[in-house]
Amino acid sequence: MGTSLKVAGWLALGAVAGALTTIQLQAIARSSVGPLPLEEMQQLAAVFGMVKNDYVEPVDEKKLITDAIGGMVAGLDPHSQYFDKKTFKEFREGTTGKFVGVGIEIGAEDGLVKVVSPIEGSPAFRAGIKSGDLITRIDDTPVKGLSIDQAVKRMRGEPATKVTLTIFRKTESRSFPVTITREEIHVQSVRAKLIEPGYAWLRVSQFQDRTIDDFARKLEELYKQDPAIKGIVLDLRNDPGGLLEGAVALSAAFLPADAVVVSTNGQIADAKATYRASPDNYTRRGGPDPLRKLPAALKKVPLVVLVNEGSASASEIVAGALQDHKRALIMGGQTFGKGSVQTVRQLSADTALKITTARYYTPSGRSIQAKGIVPDVWLDETAEGNVFAALRMREADLEKHLGGPDEKKDEAREKAREEARQKLEEQLAKSKDAVKPLPEFGSAEDFPLLQALNQLKGKPVLVSKTATERKAEAATE
């Protein structure tokens, strides 16, 4: 049972990642409601009255209405959502890259919270918390048994409040408490470094408000370190997406001026649009162009884009645009397949509706909905092969997903996923040790990154011998 739960947990994490959305923000909802169906509205009122009067315990009327709205929207597709006060606040934190907390990127290890990296300049960074530290308690609560989300919520809070983390540091074989004062944290969604002279690695983990500003700044720093960069690896693995203008801007950094990046099509006039590599299409309210100072060499430098099953939405827009314009070689695995646009319409100061308003298409007119971007060169996750790739959920696995063009049931895909699940569970059952996690992206053990570097250098690439294109699957009701 325990091994089944572990595997189910990995699958759930994949579903959450893929469900994040490409977003256009709009402040005011348009009303074009036609005549309401009288009989169904009467039934709704009747059910409301029965629940209000006959339920075993008193129920709050406002909660009933909120739940009804949430259910109506959730029935549309996996990405439409009604935001109440709490979820709208969390959503805005996700897109702005700002939240109040201690400032650490975390993962899980042996049922504990593992510090992947403290955010530079954050309270945790200043307190001396290091990568690899394990958090065993948050205040008086043991971490063992908490989900990642539950642990995150306990570490977040109001500005200037304190939280005590009990740290176990393996390298020193000791546990110790650290009391940290929470602050507003600004997440950097871009990491960059020179892998070696002449070759740069740029990782975009999510498209947030400041992603393109951070991208431009990091790129300028790289060119200052080495003005003769000969190749760049743009790493979009596990990037769940985010803001549409961020995807357009990132594509524009590498494409010729005015090249088509993505087009959208939906029921309303605003949903029919074409976005180009032009500042008018990615700057907000006439602000300065964040790409204006980038070196001209960037338009022609050899480029490899790394993607995998967790690359979704905005990251798929970038990969599709660069692939269609033959500006980059796409390497890795087939992407998530989220080819829809969500518009956020504010209903009140604290509530909003996120609703799917369009499908998007690559410059050549491809819809990636429920299919994804197929890489030019297939790569495994490690030199030994794929560990988790077959288990990760994709858009086509989600209930009520929008159907893709010519979508049909792919029984081989389901069979492969089930076989991979069983194999992993058998491995876990035979060994007391956890399955070895994948190397950190950007590390010296990062197999796909090493293959991308070989591609840029003209050296042999160890391509996948097993990976094949996954066809889009039938929509589910």
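The values are calculated or read from the model by the stated rules, or taken from the named source; none is laboratory data. None of the values given here were measured: they were computed from a predicted structure. Every residue, glycine among them, receives a Cβ derived from its backbone with ideal geometry; neighbour counts consider all protein chains shown. What goes into the accessible areas is simple: the full protein's heavy atoms, side chains included, and nothing from ligands, DNA or RNA. Shrake-Rupley method; radii C 1.70, N 1.55, O 1.52, S 1.80 Å.
Rolling a 1.4 Å probe over the protein heavy atoms gives the stretch 219-263 an accessible area of 29 Å² per residue. Specify whether the C-alpha gyration tensor of the stretch 164-281 places it in the rounded, prolate or oblate class, a ≥ b ≥ c being the square roots of the eigenvalues: rounded for a/c under 1.5, otherwise prolate if a/b is larger than b/c and oblate if not. Since a/c reaches 1.5 but b/c is at least a/b, the shape of the stretch 164-281 is classed as oblate.
Computed on protein heavy atoms with a 1.4 Å probe, the accessible areas place Trp201, Trp378 in the order Trp378, Trp201, largest first.
Measuring nothing but protein heavy atoms, the accessible surface of the stretch 271-346 at 1.4 Å probe radius is 49 percent carbon and sulfur. Excluding same-chain neighbours fewer than eight residues apart, the aspartates and glutamates reachable from Lys52 by a Cα-Cα span under 19 Å are Glu40, Asp60, Glu61, Asp67.
Can you bin the stretch 224-265 into rounded, prolate or oblate? Criterion: square roots of the alpha carbon gyration tensor eigenvalues sorted a ≥ b ≥ c, rounded for a/c under 1.5, prolate for a/b above b/c, oblate for the rest. Oblate is the answer for the stretch 224-265, as a/c is 1.5 or above yet b/c matches or exceeds a/b. Give the distance, in whole Å, between the Cα centre of the stretch 141-189 and the Cα centre of the stretch 59-107. The distance from the Cα centre of the stretch 141-189 to that of the stretch 59-107 comes to 23 Å. Per-residue surface analysis assigns Glu40 an accessible area of about 100 Å², computed on protein heavy atoms at 1.4 Å probe radius. The amide H of Val113, built 1.01 Å from its N in the peptide plane, has Ile135 as neighbours under 5 Å, considering only residues 5 or more places off or on other chains. Cross-linked pairs Lys272/Lys354; Lys63/Lys86; Lys193/Lys338: Cα-Cα separations exceed 24 Å for Lys193/Lys338.
Here's the picture: charge each Lys and Arg Cβ at +1 and each Asp and Glu Cβ at -1 in the stretch 215-365, and of Val344, Ala273, Asn238 the one pushed furthest to the positive end of that dipole is Ala273. When nucleic acids and ligands are ignored and a 1.4 Å probe is applied, Asp213 ends up with an accessible area of around 70 Å².
Dipole magnitude of the stretch 243-341 about its Cα centre, charges +1 at Lys/Arg Cβ and -1 at Asp/Glu Cβ only, in debye to the nearest 20?
On the way: 11 positive and 8 negative charges, 63 e Å.
It comes to approximately 300 debye.
Remark: the Ser278-Thr161 segment gains 37.7 nm on full extension, using 0.36 nm per residue and subtracting the alpha carbon distance.
Placing R0 at 60 angstrom, the Cβ-Cβ distance between Lys459 and Asp140 gives a FRET efficiency of 0.65 after rounding to 0.05. Quick check: from the Cα gyration tensor, does the stretch 248-359 come out rounded (a/c under 1.5), prolate or oblate? Oblate.
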